[in-house]
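See below for the structure under consideration.
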Amino acid sequence: MSEWDYIIVGGGSAGSVMANRLSARSGNRVLLIEAGPDMPHGEIPPEISSSYPGVAYFDPRFHWTELKVTTQPKRHNDPSYAPPRRSYEQARIMGGGSSINGQLFNRGAPTDFDGWRDLGVAGWGWDDVLPYFKKAERDLDFPESDWHGDEGRILVRRLFEEQWTGHTHAARKALEAAGYDYIEDQNGAFRDGFFPLTISNAFDRRVSAAVGYLDPPTRRRPNLTIMAETRVSEILFNGLKATGVRIQPKAGGAQDLQAAREVVVCSGALHSPAHLLRAGIGPAGHLKALGIEVRHALAGVGQNLQDHPSVSASAYLPAEHRLMRDDVRHMHLGWRFSSNLHEAPAGDMFAAQITKSAWHDLGKRLGSFLVWVNRTYSTGEVKLATKDWRDEPAVDFGLCSDRRDVDRLADGFRRTAAIMMSDAMRHVAKDPFPTAYTEQVRSIAKVTTRNKAITWLLGKAMDGPEAVRRMLIEKVITGGVSMRDLLEDAEALDTFVLANATGTWHASCTCRMGGDDDPMAVTDNQGRVRGVSGLRVVDASIFPTVPCANTNGPTIMSAEKIADRIVAA
């Protein structure tokens with residue numbers, strides 16, 4: 001078959017949902033194309049299915065390995081400064097980010113979605129999206145709650161107190177002493193407090209979008225075809241109507257495939273705008289500069305890139321408080337709080353307690369708090385570096401380019417440091433220090449024999465005399481930057497934040513939905529690309545603003561909602 005009704009470009013969280021829901025109608029011929037390897041049941045590697053995601057994060061088999069991004073903001077007082085380019089672990093695998101991420105399954109604040117509605121995206125207020133969050137999930141802990149679904153394809157649960165480490169119990173005591181409420185259900189009523197993190201996981205195994213939506217019965221549907229390890233090099237058009245795609249299989253030459261109804265792009269917030277730009281849809285000046293004929297000028301394509309900027313702090317864990325097994329959860333508690341700065345909405349900040357900071361022997365000895373701006377004001381952009389489909393786009397996140405994010409992230413670091421240095425945590429988390437996800441850290445996080453040997457030696461040294469441990473922290477890990485330096489010097493903390501803030505792999509908003517009067521809107525409230533026909537985008541790129549949540553849940557919700565409208569039409 002070379003013609004389908006719907007061709008879905010990308011088998012990630014949104015693409016998996018779209019493939020399942022569109023092919024549920026037997027009259028729809030559906031093709032799902034994924035650039036990375038497939039993940040059918042029975043063939044999922046253990047590092048993907050494991051409850052501990054810290055190996056899958058860094059396995060190059062499942063990433064776009066050539067993708068480089070910039071995260072630091074430009075310096076207005078130094079036009080010659082070029083922020084360093086960094087690797088970025090964008091998933092290239094069936095299930096997309098849901099197959100390698102931290103398995104956190106949360107929703108965001110009701111004000112996020114009411115804000116989308118108020119920006120002109122009709123039908124996307126909180127009351128409109130809640131039914132689709134519930135449709136997506138089967139909550140194993142609260143199946144009869146009004147907040148939750150009990151028939152969805154993504155199984156979710158929490159780790160309660162009997163499964164916590166000593167580090168987690170101490171964190172709870174510290175947060176309670178600081179005046180924060182314990183909340184049993186993170187995805188219940190949205191308010192400040194701390195809670196067991198909600199995870200897309202069942203029976204100690206990851207439940208990705210591929211596991212949930214591309215199960216064996218779905219794959220056996222005669223009207224669904226799945227092509228893995230196949231890239232889309234071009235969206236085909238007849239004038240302003242998308243008619244199909246040109247594919248580049250891993251083996252064999254290019255082929256043109258026809259879509260009788262729609263091409264649905266589900267390639268994520270970095271690659272979806274790149275597909276549109278290569279098709280001549282985007283800012284006219286940028287396209288002309290690359291020698292791309294402008295098919296339809298849309299100023300917003302690739303703009304408004306958002307993520308959650310974060311920094312972290314770590315501490316040495318004595319042996320009795322560590323998480324030593326390799327295949328169990330390392331993140332147990334989440335902490336939502338309000339900065340009360342810059343008129344930010346309630347719950348604009350978030351922190352996660354982590355008992356094991358990495359897969360290796362050094363990481364097993366470190367507990368951390370990762371704190372991020374849950375509602376960012378900073379934006380970046382995605383452009384094409386060249387018009388060659390084989391080349392990765394140029395990505396500038398511009399994290400903390402808005403001063404309001406710097407202030408709130410610095411405030412979040414101070415609050416996190418206070419928890420880590422509290423009386424309740426002193427005996428389980430020793431010698432706390434600031435940490436950053438640098439290229440050095442990324443390099444040593446790759447699973448290699450050399451890194452196993454290096455981190456084994458570093459781990460043994462950390463277990464040695466206190467003087468040796470403190471010297472190792474100062475000379476090798478932090479480069480001499482101490483918690484005291486940052487907490488006593490506001491300028492030093494700002495410098496640390498600007499130099500070390502990284503995203504949380506929640507890239508969003510580059511093909512944003514908007515009303516007819518929004519000149520930067522790329523898609524309408526059903527993901528249809530404005531100004532052309534037969535082309536739709538469904539993934540985190542259509543978010544008008546990044547929600548106060550890990551983006552997997554909102555992405556699946558969005559795909560459920562749009563698929564529902566397509567099938568009902």
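The values are calculated or read from the model by the stated rules, or taken from the named source; none is laboratory data. All values derive from a computational prediction rather than experimental measurement. Neighbour counts run over all protein chains shown; Cβ positions are idealised from the backbone, glycine included.
Checked against the criterion of being surrounded by 17 or more Cβ atoms within 10 Å (Cβ to Cβ), more than 26 Å from residue 384 (Cα to Cα) and at pLDDT 95 or above, the candidates 493, 487, 458, 472 yield just one match: 493.
Residue-level check: of (1) of a type in the set (D, E, K, R); (2) at pLDDT 95 or above; (3) more than 30 Å from residue 499 (Cα to Cα); (4) in contact with an Asp or Glu (Cβ under 8 Å, 6 or more places away or on another chain), residue 327 misses just (2). For the stretch 282-332, the tally of residues that are within 15 Å of residue 542 (Cα to Cα) and surrounded by 24 or more Cβ atoms within 10 Å (Cβ to Cβ) stands at 8.
Among the residues of the stretch 131-166, those that are modelled with pLDDT under 95 and assigned to a helix (DSSP H, G or I) comprise 161, 162, 163, 166.
Checked against (1) modelled with pLDDT of 90 or more; (2) touching a strand residue (DSSP E or B) at 6+ places or on another chain (Cβ under 6 Å); (3) on the phi < 0 side of the Ramachandran plot, residue 415 meets all criteria but (2).
Taking the condition of being of a type in the set (Lys, Arg) and either in contact with a Cys (Cβ under 8 Å, 6 or more places away or on another chain) or assigned to a loop (DSSP other than H, G, I, E, B) (or both), how many residues in the stretch 473-530 meet it? So that I can check it myself, show each step before the final result.
Keep residues of the stretch 473-530 that are of a type in the set (Lys, Arg), which gives 475, 484, 512, 528, 530.
From the residues that got through so far, the ones that are either in contact with a Cys (Cβ under 8 Å, 6 or more places away or on another chain) or assigned to a loop (DSSP other than H, G, I, E, B) (or both) too are 512, 530.
Qualifying residue count, the stretch 473-530: 2.
Filter the stretch 38-78 down to the residues that are among the small types (Gly, Ala, Ser) and over 30 Å from residue 385 (Cβ atoms) and list them by number. Even if it seems obvious, please write down each step before you answer.
Going through the stretch 38-78, the residues among the small types (Gly, Ala, Ser) turn out to be 42, 49-51, 54, 56.
42, 49, 50, 51, 54, listed by residue number.
Within the stretch 531-569, restricting attention to residues that are of a type in the set (Gly, Ala, Ser), assigned to a helix (DSSP H, G or I) and touching a Leu at 6+ places or on another chain (Cβ under 9 Å), which residue is surrounded by the most Cβ atoms within 10 Å (Cβ to Cβ)? Give the derivation first.
Initial filter on the stretch 531-569 (of a type in the set (Gly, Ala, Ser)): 531, 533-534, 540-541, 549, 553, 558-559, 563, 568-569.
Checking the rest, the ones that are also assigned to a helix (DSSP H, G or I) come to 540-541, 553, 558-559, 563, 568.
With the extra rule that they be touching a Leu at 6+ places or on another chain (Cβ under 9 Å), the set shrinks to 541, 553, 563.
On the way: 541: 33, 553: 25, 563: 22.
For the stretch 531-569, the residue satisfying everything is 541.
Has the stretch 501-509 got any residue that is at positive phi and of a type outside the set (D, E, K, R)?
Checked the stretch 501-509: at least one residue is at positive phi and of a type outside the set (D, E, K, R).
From the list 216, 196, exactly one residue is in contact (Cβ under 8 Å) with a residue 12 or more places away in the chain, touching a His at 6+ places or on another chain (Cβ under 6 Å) and not basic (Lys, Arg). Which is it? Full working, then the answer.
Numbers: 196 fails: touching a His at 6+ places or on another chain (Cβ under 6 Å).
It is 216.
Candidates 104, 159, 119: the one that is of a type in the set (A, V, I, L, M, F, W, C) and farther than 25 Å from residue 335 by Cα is 119.
Looking at 293, 262, can you tell me which residue is acidic (Asp, Glu) and without any contact (Cβ under 8 Å) to a residue 24 or more places away in the chain? Steps first, answer last, please.
Values: 262 fails: without any contact (Cβ under 8 Å) to a residue 24 or more places away in the chain.
After ruling out the rest, the residue left standing is 293.
Taken as a whole, the structure leaves residue 295 outside the set of residues that are basic (Lys, Arg) and under 30 Å from residue 160 (Cα atoms). Within the stretch 56-67, identify whether any single residue is of a type in the set (Val, Ile, Thr), assigned by TED's automatic domain parsing to the domain that holds residue 221 and in contact (Cβ under 8 Å) with a residue 40 or more places away in the chain, and answer yes or no. Looking for residues that are of a type in the set (Val, Ile, Thr), assigned by TED's automatic domain parsing to the domain that holds residue 221 and in contact (Cβ under 8 Å) with a residue 40 or more places away in the chain, one finds none in the stretch 56-67, hence no. Quick check on the stretch 372-390. Is at least one of its residues in the same structural domain as residue 333 (by TED's automatic domain parsing), touching a Phe, Trp or Tyr at 6+ places or on another chain (Cβ under 6 Å) and hydrophobic (A, V, I, L, M, F, W, C)? Scanning the stretch 372-390, I find at least one residue that is in the same structural domain as residue 333 (by TED's automatic domain parsing), touching a Phe, Trp or Tyr at 6+ places or on another chain (Cβ under 6 Å) and hydrophobic (A, V, I, L, M, F, W, C), so the answer is yes. Can residue 246 be described as without any contact (Cβ under 8 Å) to a residue 40 or more places away in the chain and either crowded, with 21+ Cβ neighbours inside 10 Å or closer than 18 Å to residue 29 by Cβ (or both)? Against the criterion (without any contact (Cβ under 8 Å) to a residue 40 or more places away in the chain and either crowded, with 21+ Cβ neighbours inside 10 Å or closer than 18 Å to residue 29 by Cβ (or both)), residue 246 does not qualify.
Among the hydroxyl-bearing types (Ser, Thr, Tyr), at pLDDT 95 or above and either in contact with a helix residue (DSSP H, G or I) (Cβ under 7 Å, 6 or more places away or on another chain) or within 28 Å of residue 347 (Cα to Cα) (or both): does that describe residue 502? So that I can check it myself, show each step before the final result.
Values: among the hydroxyl-bearing types (Ser, Thr, Tyr): yes; at pLDDT 95 or above: no; either in contact with a helix residue (DSSP H, G or I) (Cβ under 7 Å, 6 or more places away or on another chain) or within 28 Å of residue 347 (Cα to Cα) (or both): yes.
So residue 502 fails the test.
Give the residues of the stretch 36-68 that are surrounded by fewer than 22 Cβ atoms within 10 Å (Cβ to Cβ), closer than 30 Å to residue 257 by Cβ and among the aliphatic types (A, V, I, L, M), sorted by residue number. Listed by number, the residues that qualify are 44, 67.
Candidates are the residues of the stretch 281-308 that are outside any strand (DSSP E or B) and in contact with a Phe, Trp or Tyr (Cβ under 8 Å, 6 or more places away or on another chain); the one that is farthest from residue 374 (Cα to Cα) is 295.
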